[in-house]
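Since the structure comes first, as structure tokens, the remarks are kept for the end.
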Amino acid sequence: MQGPLDAQQLDRIIEMAWEDRTPFEAIDYQFGLKEKDVIKLMRSHLKRSSFNLWRKRVNSGVSQKHLKKRSTEINRFKCSRQRAISGNKISKR
């Protein structure tokens, strides 16, 4: 893991962790956090009930957080409309 994370980075990591189609590998690629580190971060920054709901969803099969469980048709980390990692803003059409 890199140095301490600022508030904007924490918010982005939590947002990526909540997104069903964003795999843990994408978080590792962008922020250097392994799955176990993301779990620790989520546990410490979410209410207990929110954390429990998140873990249940990640492990339920609905979420595609693990690349091995993903469909082979999904071959990217980000939405096709998303800009390169520069603030992660959706580009205007």
Practice task
Output the residues belonging to region 1-53 that are aliphatic (A, V, I, L, M), open to solvent by 50 Å² or more (accessible area, probe 1.4 Å) and assigned to a helix (DSSP H, G or I).
Solution key: A7, L53
Handout entry: Test: residue in region 73-90 that is modelled with pLDDT of 90 or more, part of a loop (DSSP other than H, G, I, E, B) and surrounded by 10 or more Cβ atoms within 10 Å (Cβ to Cβ)
Key = no
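The values are calculated or read from the model by the stated rules, or taken from the named source; none is laboratory data. Being a predicted model, the structure only gives us computed values, none of them experimental. Glycine gets a Cβ as well: all are built from the backbone with ideal geometry, and neighbour counts include every protein chain shown. These accessible areas exclude ligands, DNA and RNA; they are computed on the full protein's heavy atoms, side chains included. Shrake-Rupley method; radii C 1.70, N 1.55, O 1.52, S 1.80 Å.
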